[in-house]
1. Can you work out which of the residues in the range 228-260 that are touching a helix residue (DSSP H, G or I) at 6+ places or on another chain (Cβ under 7 Å) and loosely packed, with under 15 Cβ neighbours inside 10 Å is nearest to residue 32 (Cα to Cα)?
2. Return yes when residue 135 is under 22 Å from the mean Cα position of the chain (by Cα), surrounded by fewer than 20 Cβ atoms within 10 Å (Cβ to Cβ) and not basic (Lys, Arg) and no when it is not.
3. State yes or no: is residue 210 open to solvent by 40 Å² or more (accessible area, probe 1.4 Å) and either at pLDDT 80 or above or within 20 Å of residue 82 (Cα to Cα) (or both)?
4. What single numbered condition from (1) open to solvent by less than 40 Å² (accessible area, probe 1.4 Å); (2) without any contact (Cβ under 8 Å) to a residue 24 or more places away in the chain; (3) out of contact with any Lys or Arg (no Cβ under 9 Å at 6 or more places or on another chain) fails to hold for residue 151?
5. I'd like the full set of residues that are more than 15 Å from residue 54 (Cα to Cα) and either open to solvent by 50 Å² or more (accessible area, probe 1.4 Å) or in a loop (DSSP other than H, G, I, E, B) (or both), limited to the range 213-223.
Amino acid sequence: MNNQNTRLGIMLMIATSFVFAMQDGISRHLAGEYNVYMVVMIRYWFFAAFVMTVASRKAGGLARAAATTQPVIQIFRGLLLAAEVVVMVQAFVILGLIESHAVFTCYPLLVAALSGPILGEKVGWRRWTAIGAGFVGVLIILEPGYRVFSPAALIPLISAFMFALYGLLTRYVARKDPAAVSFFWTGVAGSVLMTAIGVWFWEPMTAKDWGWMGVLCMTAATGHFLLIKALEVAEASAIQPFAYLQLVFAAGIAMVVFGEKLEANVAVGAAVVVAAGLFTLWRARVKAAETADTPLSDKKPAA
């Protein structure tokens with residue numbers, strides 16, 4: 001990967017983070033006015049249409065995109081992500097964008113912690129230390145014992161756990177299925193689930209909010225498109241750290257549009273979580289480089 005491609009990948013990831021932050025702000029507005037299931041359902045209709053359009057234009061069409069040897073896991077992945085979106089959007093409404101995103105940023109640490117039992121990957125003491133430090137950051141954000149603790153503060157943490165599990169299952173199915181297949185099942189399975197639930201919570205929407213819904217759907221498609229392009233031109237480990245900018249963009253939108261305040265404990269805790277997450281990403285990249293440079297004869301069997 002050359003520097004030009006890496007720079008382009010970074011720019012695309014920054015753009016992706018900004019678009020997803022806009023998506024979260026619009027979701028917060030719409031879910032504050034209408035039922036969250038209906039909002040997510042309509043968003044998934046557009047997402048599924050986008051996925052199927054992309055698949056139909058590639059060689060093999062929809063049949064190839066749907067071809068998987070792991071249908072149960074692929075469907076579960078899609079259902080899990082749809083449920084996670086509902087939980088996170090609900091967190092936006094109850095807690096606001098800033099605190100929700102500050103807690104949610106711990107998901108890379110959860111990925112690292114769960115990669116051992118789920119994928120059989122080895123996590124060294126340095127990364128375990130970073131994971132522990134990251135969760136200290138979460139405690140700083142939540143301040144249990146210092147103020148009256150609200151169970152609602154756990155909602156974005158639950159969402160982070162669900163998203164981490166989704167990410168690990170995505171890595172698991174990638175051993176046999178190409179990314180296009182996983183992308184297809186993510187959109188289709190999620191759309192089926194949200195339709196089965198969301199139609200029971202339909203509410204009439206104003207013309208203005210239908211406009212915002214259209215923008216929401218466009219940001220979802222645009223964000224995924226930019227992310228795909230970013231991963232096409234640069235290594236994931238090189239651009240992933242810039243995904244944390246979504247927290248910065250979301251905080252800006254929250255303060256300017258929704259009048260939220262950035263509390264000192266949230267800022268400090270988020271900084272600790274992000275630092276820990278960046279360290280785990282760096283260590284994973286170092287270990288991957290060491291493994292790639294080690295001669296086959298010197299490599300130890302996997303534990």
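The values are calculated or read from the model by the stated rules, or taken from the named source; none is laboratory data. Small disclaimer: the values here were computed from a predicted structure and weren't measured. Positions of Cβ are backbone-derived with ideal geometry, glycine not excepted, and every protein chain shown enters the neighbour counts. When the accessible area is computed, the model is the full protein with side chains, heavy atoms only, and any ligands, DNA or RNA have been set aside. Shrake-Rupley method; radii C 1.70, N 1.55, O 1.52, S 1.80 Å.
1. Among those residues, the one meeting the criterion is 257.
2. Yes; evaluated as a whole, the condition is true for this residue.
3. Values: open to solvent by 40 Å² or more (accessible area, probe 1.4 Å): yes; either at pLDDT 80 or above or within 20 Å of residue 82 (Cα to Cα) (or both): yes.
It is true that residue 210 is open to solvent by 40 Å² or more (accessible area, probe 1.4 Å) and either at pLDDT 80 or above or within 20 Å of residue 82 (Cα to Cα) (or both).
4. (1)
5. As a first pass, look at the range 213-223 and keep what is more than 15 Å from residue 54 (Cα to Cα): 213-217, 219.
Within the range 213-223, just 215 meets the criteria.
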